[in-house]
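The values are calculated or read from the model by the stated rules, or taken from the named source; none is laboratory data. Everything numeric in this text was worked out from a predicted model, so none of it was measured. Using ideal geometry, Cβ is built from the backbone for each residue, glycine included, and neighbour counts are taken over all protein chains shown. Note: areas computed on protein heavy atoms with side chains; ligands, DNA, RNA excluded. Shrake-Rupley method; radii C 1.70, N 1.55, O 1.52, S 1.80 Å.
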Amino acid sequence: MEPHPHFPTIDRPVLTHVVKKRNLGQLKKYNGVEGLASHLKTNLEGGIDGDAEDVSRRNQAFGSNTCPSPPAKNLFYFVFQSLRDPTALILLAFAALSLGFGIKENGLGEGWYDGGSIFVAVLPGIAISAIRNFRKNKQLVKLSKEISEIQVDVVRSGRRQQVSISNIVVGDVVYLEIRDQVPADGLFINGHSLLVEESSITGESDHVEVDFTKNPFLLSGTKVTDGYGRMLVTSVGMNTTWGERMSTISMDSNEQTPLKSRLKKLTSLLKKVGLFTAFLVFVILLIEYFTGNTKDENGNTEYNGSKTKASIMINSVVAIIAAAVTVVDVAIPERLPLAVTLTLAYSRRQMMSDHATIHKLSACETIGSATTICIDKTGMLTLNQMKVTKFWLGQDSINENGSSSIASSVVELLHQGIGLNTTGLVCKTVSGYEFEFSSSPIEKAILSWAVSKLNLDMDGLKQSCEIVHVEAFNSTKKRSGVLMRKKGENTMNVHWKGAAEMVLAMCSNYYDVSGNIKVLDNFEKEKFDQIIQGMAASSLRCIAFAHKQVPKQEKGKIHIEENCLTLLGLVGLKDPCRPGVKKAVEDCQYAGVHVKMITGDNIFTARAIATECGILKPNQDMKSGAVVEGLEFRNYTPEERMEKVDKICVMARSSPVDKLLMVQCLRQKGHVVAVTGDGNNDAAALKKADIGLSMGIEGTEVAKESSDIVILDNNFESVATILMLGRCVYTNIQKFIQVQLTVNVAALVINFVAVISAGEVPLSALQLLWLDLIMDTLGALALATGKPTKELMEKPPVGRTKPLMTNIMWRNVLCQAFYQTAVMLTLQFKGEAIFNVSLKVNDTMIFNVFVLCQVFNEFNARKLEKKNLFEGIHKCKLFLVIVGVTIVLQVVMVEFLKNFTDTERLNWWQWGVCVAFASVSWPLGWFVKWIPVPKKPFLLGEEAQGEGVVPLELDLASTTNSGDEEYVQKRSGLTWSMRRSSRVISRSSVPL
């Protein structure tokens, strides 16, 4: 490749090769990182110029940090996809035949009714499905653009600033901190204790140390697990290691949830029944016709062998096909997914008014199936408002006014240990009399306490001391360390800060109040253990400070001592529980949902908080395995984990890996798992879970993008409310399905019997279309407006294995369908004689009774089990309005559109008869609910057999082809997704 005119001494392949192949030899040829920086016209301290012209040149020379977009899919693509459904093709083919022969037989004025009505019946479903998928695709593209705006810290023109990942260019100097993901391939410039996890590239989970001499290579998609540093970007976009891998990945966006899986199986079953019945009708009518057993309106035999004209015979066969297709149309609930979408959309609005933002519509119902919630302590159960309430120096508790009695030498060491071993900042406000603190809640609490109680002067401390080396905090070690030196002195000081029990284990001495150093033997350690446990039992998070003086270390041999330290002091931080959280936990437990707390606190603090929140019962036996530490859980064998995971209520000292492992175990046991998280390292657990819940206040952008629902107020009460709303959604969908199946079963039997006996269907295609439309739109909305009640929380969760159609629903469906079938067939065969009406009026009454039966049956469906179907009806105003609109539209259909719908006007008496027949649904529904049903599911279905088994481990190679798990890795803006379905990884226009 020819070098770019503005960068004549370096080209893209060389830069790419150096990092991908980790070629130290070639790097040395260019005089290391400094030499490459000069070739790239980058100042390692001030970065690139960063103006528009400079960025444009670099994009032209080395490419942009984006991934090529797949071809845009327009609406016609999704229309074509919808037309691939066999049932739709059959209906459309018949509609075309019927339209052609109808016009030929009856002329254009009336001949288009039958064929046209079938087109009208089928095309809206195809159009709505295509539009829905088209909009979903547009949302994915929009999400990709949002992800591309994730901000990264760089230095340009000597000024540190944030730019979006897509705007990173070769030559940029990028800042990396713990939990960050490397946004492009590059080289290490400087930093402290930088460790990265390269499992996304190499498959190895070990942490790799990055330094200036042995391994200065940083690969895009890897994650910083420890330390911090700066890197020089050498490759972007598809030239990076991760981009090379992404180029082999294809795209699909289907998604399966427990409800969608059940609906798919239900509709599949109904399709099979409908197609079989239609085929049976077709064969029987065909045999009757060609054997001369059918007669026309004048009583003449329709088929007379060779005497029958070909055109007449073709018309008769088309009529037979019409009858068969009508059976298919009434048997298959083609618009059931649309009705479910309407229900979910309405529920989404309800949830958003209850402090939640829904990223995925399907999460509205999935949360209602949850059997287990794994929840973070900080921010969700507690207020995340840390405050130092206890301070122990040696074995003496120092109260707020007792800090003046501490030896000045100890105070100085505490200043160093707190002020230098921190990621926080202390700034004076504009007034100059108050201080502002920025960092994590723990760091802010400790800094605030040190400034106010120990008179810490951060500016003066940083001027008098210099930091030599840093060991950044990570979730495994639970501590951070710093090696520092006072200016003008040869000796150095090591300071450690972290989880009390872990720091205590590193100490062999301790300071008392007077500044004397005392030996910390086993007996003394027991006393400190009791102090730590006492603070933990009071729901305090205990942090320890330790110190050691060491001789000056040579450059290149720097390390921080971890043994024989001297304990400086212990602080206890209080994070009060949120008001109302205990009741919310009890509500979830009462609903049969297991609540598991996952925290980084020690086991005593975790147990105290869990007891205070109601997750653990007072005096609960800890030997039962209810409380474990993350390391202990991690070290179990797979069999032991599967055996004990259900019993665990609290996991202390846990890491993100432990959290992910627990989610995997629970899902493999068949649980529907909800997980809360707020950090970048929670992304894997959020995506692995059935429902990911991120924090709206404290949560990072990566956590929010990885989740299904964002809890805006970080409150567990909101989780409990959303759980109840989710159950309401699931129940409302069941109500609608009950009414829909009643229609399908009754219509199927009625049309089958009528076709076999009389050779014609009592309901025309357009009438069936009207019934479908009012049921799939107005009916769905009417039943979707059901409000959540406390009764929903009295039932156990449906989980992953219970069938969608319960025995109670089958009982209600079959009884109502049997009654409707009996009435319709009576009217079909004896209606003219009984009511002394014409054939046209009788057919209209059949249509009217059938529609009104469904309207009355909606009242029965409001309460699947309760006998009083009018309970709370006055609160359901929207339900009553929709029912009223449905009745008005039915009156218009019958009375004013008779030419189009092939109906006749009915008089008051005939309307009264129709209403009387339909109203019998109410007392029948009351009587039916007295009939007991067995507990064992009537139709178990595949969804209740083995679906709880979920693969524990996720293999990238196999998932790329046909994964059945969901996992999202966000590699600094490059997002690849494997959904919980038969789905391949999706690639979209997202920056690398």
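Some points to look at:
- So Gly379, is it of a type in the set (Gly, Ala, Ser) and at pLDDT below 90: yes
For (1) crowded, with 21+ Cβ neighbours inside 10 Å; (2) out of contact with any His (no Cβ under 9 Å at 6 or more places or on another chain); (3) modelled with pLDDT under 70; (4) under 20 Å from Asp153 (Cα atoms), each residue gets a yes or a no:
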{"position": "Tyr228", "(1), (2), (3), (4)": "no, no, no, yes"}
{"position": "Val233", "(1), (2), (3), (4)": "yes, yes, no, yes"}
{"position": "Asn239", "(1), (2), (3), (4)": "yes, yes, no, no"}
{"position": "Ser247", "(1), (2), (3), (4)": "no, yes, yes, no"}
{"position": "Asn254", "(1), (2), (3), (4)": "no, yes, yes, no"}
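- Residues in the range 858-869 that are open to solvent by 20 Å² or more (accessible area, probe 1.4 Å) and either part of a helix (DSSP H, G or I) or of a type in the set (A, V, I, L, M) (or both): Phe859, Leu864.
- In this structure, Phe528 does not qualify as open to solvent by 60 Å² or more (accessible area, probe 1.4 Å), modelled with pLDDT of 90 or more and either in a helix (DSSP H, G or I) or not basic (Lys, Arg) (or both).
- Strands (runs of 3 or more DSSP E) lying entirely in the range 612-696 (those with 3 or more residues that are open to solvent by less than 10 Å² (accessible area, probe 1.4 Å)): 650-652, 673-677, 691-695
- Residues considered: Thr821, Thr801, Thr826, Thr806. Of these, the only one that is at pLDDT 90 or above and open to solvent by 20 Å² or more (accessible area, probe 1.4 Å) is Thr826.
- Residue match in the range 592-605 (condition: touching a Pro at 6+ places or on another chain (Cβ under 9 Å) and in contact (Cβ under 8 Å) with a residue 60 or more places away in the chain): yes
- Check on Lys477, under 26 Å from Ser403 (Cα atoms), outside any strand (DSSP E or B) and either in contact (Cβ under 8 Å) with a residue 12 or more places away in the chain or not assigned by the TED database to the domain that holds Glu412 (or both): no
- Matching option when the condition is open to solvent by less than 60 Å² (accessible area, probe 1.4 Å), out of contact with any Phe, Trp or Tyr (no Cβ under 8 Å at 6 or more places or on another chain) and under 30 Å from Pro124 (Cα atoms), among Val55, Val79: Val79
- Selection status of Pro788, in contact (Cβ under 8 Å) with a residue 12 or more places away in the chain and surrounded by fewer than 20 Cβ atoms within 10 Å (Cβ to Cβ): no
- Any hit, the range 835-857, residues being without any contact (Cβ under 8 Å) to a residue 60 or more places away in the chain and either hydrophobic (A, V, I, L, M, F, W, C) or in a helix (DSSP H, G or I) (or both): yes
- The listed residue being outside the structural domain of Met484 (by the TED database), open to solvent by 60 Å² or more (accessible area, probe 1.4 Å), under 37 Å from the mean Cα position of the chain (by Cα) and modelled with pLDDT of 75 or more, out of Arg179, Arg84, Arg135, Arg160: Arg160
- Gly35 falls short of the stated requirement of being surrounded by 15 or more Cβ atoms within 10 Å (Cβ to Cβ) and in a loop (DSSP other than H, G, I, E, B).
- Residue check for Ile446: on the phi < 0 side of the Ramachandran plot and at pLDDT below 90: no
- Considering (1) open to solvent by 10 Å² or more (accessible area, probe 1.4 Å); (2) of a type outside the set (A, V, I, L, M); (3) not in a helix (DSSP H, G or I); (4) not assigned by the TED database to the domain that holds Val503, the lone condition that His547 does not fulfil carries the number (4).
- Matching residues, the range 489-525, being more than 28 Å from Glu466 (Cβ to Cβ) and open to solvent by 40 Å² or more (accessible area, probe 1.4 Å): Glu501, Ala505, Ser514, Asn516, Lys518, Val519, Asp521, Asn522, Phe523, Lys525
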